[in-house]
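Peer 1: I have a structure I would like to understand better, so I am pasting it below and will then ask my questions one at a time.
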Amino acid sequence: MKIAIISGSARPGRQSHQVALEVKNRLDKLSTDNWLWDVKETNLPLLDYTFDSHPSPGDTLKNLKARLDETDVFLIVSPEHNASYPGSLKNSMDYFFKEYAGKVFGVISVSTGMLGGISAAKNLQQYAITLQGIAYPQYLITPKVQNLFASGVMTDEDYGKKMDRFLQGFLSFYKKQQ
Ligand SMILES: Cc1cc2nc3c(=O)[nH]c(=O)nc-3n(C[C@H](O)[C@H](O)[C@H](O)COP(=O)(O)O)c2cc1C
């Protein structure tokens, strides 16, 4: 089982990326074949041609396509920006379509507010369904992300436990789909 953790914020100083790295660390203990798709690092241009219609996709898109083809499961870690997920995430993911079909999607939302990005989480589940994916019905929200880490280390054990429970539930949901 190959899992892609997608880190969705492209902002300098983004806080959701710490959550994505923490998810990767914890998942690596449960399942070995995980990779991080960091939309900031990939830095795809504003979408003109999707991969399938592209007259000359470059190496970045070709490599990404190959990795997406091998991926069985997507776990999106997204900030909430204006009550939804950010354009950086959608712009990056929209280059592809059939690479997602029939695959399982999980959602973790992140915000500095009390509601933990719940609007972004719900919108992302809908997006996953539009991509013909199978959305894990639960999601993990991350309120007050500014209080969860110190120097990149997670210090909030309650949230850590919630994350572990979410990841275990998500993996067992995936296994039941097989
Ligand atoms: C353009 C923009 C819009 C935002 N809108 C919301 C929002 O609707 N709800 C919310 O809880 N936080 C909102 N925030 C704050 C984010 O929750 C905060 O930046 C958090 O750290 C996650 O985003 P990041 O990973 O980009 O840092 C917004 C931030 C930005 C930059």
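Peer 1: Of these, LEU44, LEU21, which one is hydrophobic (A, V, I, L, M, F, W, C), in a loop (DSSP other than H, G, I, E, B), at negative phi and surrounded by 15 or more Cβ atoms within 10 Å (Cβ to Cβ)?
Peer 2: Unique residue meeting the criteria: LEU44.
Peer 1: So which of VAL107, VAL73 ends up being touching a Gly at 6+ places or on another chain (Cβ under 9 Å) and at pLDDT 95 or above?
Peer 2: After applying the criteria, what remains is VAL73.
Peer 1: Turning to a different aspect of this structure: Go over the candidates GLY87, GLY13 one by one and state the one that is within 13 Å of the ligand (Cβ to nearest atom), under 23 Å from SER151 (Cβ atoms) and either at pLDDT 95 or above or surrounded by fewer than 21 Cβ atoms within 10 Å (Cβ to Cβ) (or both).
Peer 2: GLY13
Peer 1: Name the one entry in LEU171, LEU124 that is in contact with a helix residue (DSSP H, G or I) (Cβ under 7 Å, 6 or more places away or on another chain) and either buried (at least 17 other Cβ atoms within 10 Å of the Cβ) or part of a helix (DSSP H, G or I) (or both).
Peer 2: Testing whether each residue is in contact with a helix residue (DSSP H, G or I) (Cβ under 7 Å, 6 or more places away or on another chain) and either buried (at least 17 other Cβ atoms within 10 Å of the Cβ) or part of a helix (DSSP H, G or I) (or both) leaves just LEU171.
Peer 1: Here's a follow-up. Only one of (1) in contact with a strand residue (DSSP E or B) (Cβ under 6 Å, 6 or more places away or on another chain); (2) within 10 Å of the ligand (Cβ to nearest atom); (3) not charged (D, E, K, R) fails for TYR139. Which number is that?
Peer 2: Failing condition for TYR139: (2).
Peer 1: So, one more: With small (Gly, Ala, Ser) and either out of contact with any strand residue (DSSP E or B) (no Cβ under 9 Å at 6 or more places or on another chain) or more than 20 Å from ASP38 (Cα to Cα) (or both) as the only criterion, which of GLY113, GLY117 stands out?
Peer 2: GLY113
Peer 1: Same structure, new question: Which ones in region 103-114 are more than 6 Å from the ligand (Cβ to nearest atom) and either in contact with a helix residue (DSSP H, G or I) (Cβ under 8 Å, 6 or more places away or on another chain) or farther than 20 Å from GLN178 by Cα (or both)?
Peer 2: VAL104, PHE105, GLY106, VAL107, ILE108, SER109, MET114
The values are calculated or read from the model by the stated rules, or taken from the named source; none is laboratory data. All of these numbers come straight from a predicted model, not from anything done at the bench. A quick note on method: Cβ atoms are made from the backbone with ideal geometry, for glycine too, and the neighbour counts reach across all protein chains shown.
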